[in-house]
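All of the numbers you see were taken from the coordinates with simple rules; none came from a lab. Since the structure is predicted, the reported quantities are computational estimates derived from the model, not experimental observations. Don't worry about glycine lacking a Cβ; one is built from the backbone with ideal geometry, like all the others, and counts go over all protein chains shown.
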Amino acid sequence: MKEKREFNMLENADDRTVELLSGVPVLTDEEKKRMLAMSKKKLDKMNRENNISMNNAGAEVSGVERYNRPKWYAFVSAAACFVLVGGIAGTVMLLGRNGKDSTKKDNTAVEVQTTTDAAVTTTDAILTIPVTTAPATTEPDNIVPELTEEELVAAALGGFGDYFLIEDIANGIGVEVDAADKFTDTRYTDYPDEGDTVYYCRVSDTRFSCIDDVKALMTEYLTDPILTDHMSSVFDTAGSPSVYIERDGKLYLLYGDTTVGRTINISSRPVISGYDGTTFYADATADMDGSMYNVKAQFALVDGKWKVSGFEVGDSDNGTDSETETELPNADLAMDILEDFTLLDSLRVGMVDINLEKEITNTIVDGNGYEYVYYKVSDDYANENFKNAVEDIKRWVDSVVTGEANENLFKSIYAKTESGKPAMFKEIDGELYYLFGLREAPFRWFGEPQIKNVQNGSFDIVVYCHAAEESNMVKDLIVHVEKDGYGWKISKCEYDESSLRAFTEDMIGNVNSID
Amino acid sequence: MTGTEYRKLYKKSPDNAYNALFESYCDYVYAIAYNKLRSVASREDIEECVSDVFADVFFGYKKENDNGGDMKGYIGTVAKRRAINVFHSITARQNRFSGNSEEEMNLIGDETDIEADSDMTETREILLSKINELGEPDSTIILQKYYYDRSSGEIAKLLSMKASAVRMRASRALDKLKTTLAAAGITL
């Protein structure tokens, strides 16, 4: 130690001495790699902050915090859209079950009781399954977690998927059977209609060898009161055939003549309400074989796992009255759309967390010899939840953007553009990668959004943008919005060059943060 | 590496340009940061400082230095400024200024003060020349071990030697260095 202290005389040395000292090899490859990765990460952050500060020039404007949050979480809902394609099941069986359920539920249904969210839109439910606000079965020693909204959204998305899976299995959809091994149940010769014959096929699906296996799966994803309801409607039916029965030690499934399947997507970000630590509600829009429905689920925490305790399907968003049900242009809607717009823009210009410590695994060289280097997306949540990530991202972009804005502006987020610009996201060996570095300048909007040019099926949102970096000049950014199906989508974004003028303080307005 | 070379690389691939720039100057930047921070910072702090320097350079070089010449001067300046900032930051955190330690105050990297200290400069030159006289690999081993504070194992890896050989050489070289320095009037 004495010697080391004495070498202190070399500290704070002149340039020449430092240069001599720099000739001593001291850094290992690992250290170099680590520092380089750290540098790039800091650079990435600086680039983002630089864009934020440009957005902020001269004003405390809305939405800037949006850049600081994990980008993924904002489109978790759409990116996690799942598709459940059912296998085979009997139409007769489905008809029978629907009829039976309707009768049963008419007698026992309890309306959804929300305590905090007045914005529930489900009315005149076409199918109502009992939902109550009674606490679900939970272990007394459970620690109530403090969950963020994003975590609840993720739980809700998973829960909706679980519920649809159970619904399918309860209806025999997607359950493999051996059609050659079947028998007719003579007790129900006129079920559901006169002349119909009920018969069962042996279940060959490896997931289920007995009724207890089906019940175990239901118990895994559902809890009371909906669990009991499902159990009784599937197994303990009176006056109608059970969906599953056991015979001679084998499991049989109620079967029909026609095979059907169905596709269900949750196509909107679930709206969470009533979270009290052990229960919460989630409202969302579900695409069921092309028809949009409002769905609502109640979730309960059981043994540390969120399970569905209630479920309700509301009105279809399609149909003759959808015109009047679509939200009319308003300030909140405009801010919601601008939030999507800002997120889209951040993905477009290169603002996603990436893991710079991972070796470069993919480089694209274009016709001019320019290299595009992709790094692995470092967001664990995204990597864990979006196995088919680029497709999920595309689905989300498609859900909020249409027309020219999709083709010319935001398509590059998920696909190579016509002009040859590579996609920002790529999937490599099943993992999601992102193009390193800022590619283009983001839109630098600020101020209170103004709604203009309202037409039947379209309107414009107008906000201010700085004309150039460090410029005191401002021009209007027009975000065109069109009605598309059941909602509004961004169709075009453009500057109004004729609106160029000097920045004034009153442009900032009184806008609350979108976050 | 010149600014022109860097920009040429950058035009083709920013990532490759960053890699090349880092490889060219990481030892230099590390030497600067280490020299300023050795007495107050951990190795991790110094690595952090080096990464800050390169992030600053990657971020700012295009705008601030566009003459196409050697980048060493620019990078050296960025590194010194950053290292001094880190020094201030760490010492403030450790409340080092609460005492009356003039020695610590003197460690704050002000070039003018350092260069004014001609005695120290002369001593350093003698020390370095005597280390240099040890020849390779002993001169490198001495600096790695007693200035850069590397373990024998780390030095062995860097120089492709056995750790025991490094220890033996370091010990002998230090004895030799002490003798030659003593002859020059310097005691280690």
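Some notes on this structure:
- For the peptides A:304-314, A:406-416, the ranking by mean Cβ contacts within 10 Å, running from highest to lowest, is A:304-314, A:406-416.
- Between A:THR263 and A:SER232, the distance separating the two model label sites (each 7 Å from Cα on the Cα→Cβ line) works out to 3.6 nm.
- Nitroxide proxy distance, nm - points 7 Å out along Cα→Cβ at A:GLU497 and A:MET288: 5.1
- Partner chain coverage, peptide A:39-47 - average Cβ within 10 angstrom: 6
- Each residue, A:PHE183 and A:GLN450, gets one label point 7 Å from its Cα in the Cβ direction; the gap between the two is 7.8 nm.
- Per-residue shielding of A:27-38, expressed as the average number of other chain Cβ atoms within 10 Å of the residue Cβ, stands at 5.
- Per-residue mean of C-beta atoms belonging to partner chains within 10 Å, peptide A:274-286: 0
- Extension gain from A:GLU220 to A:ASP276, taking 0.36 nm per residue of separation minus the Cα-Cα distance: 18.0 nm
- Segment A:397-449: C-alpha pair distances exceeding 18 Å, %: 44
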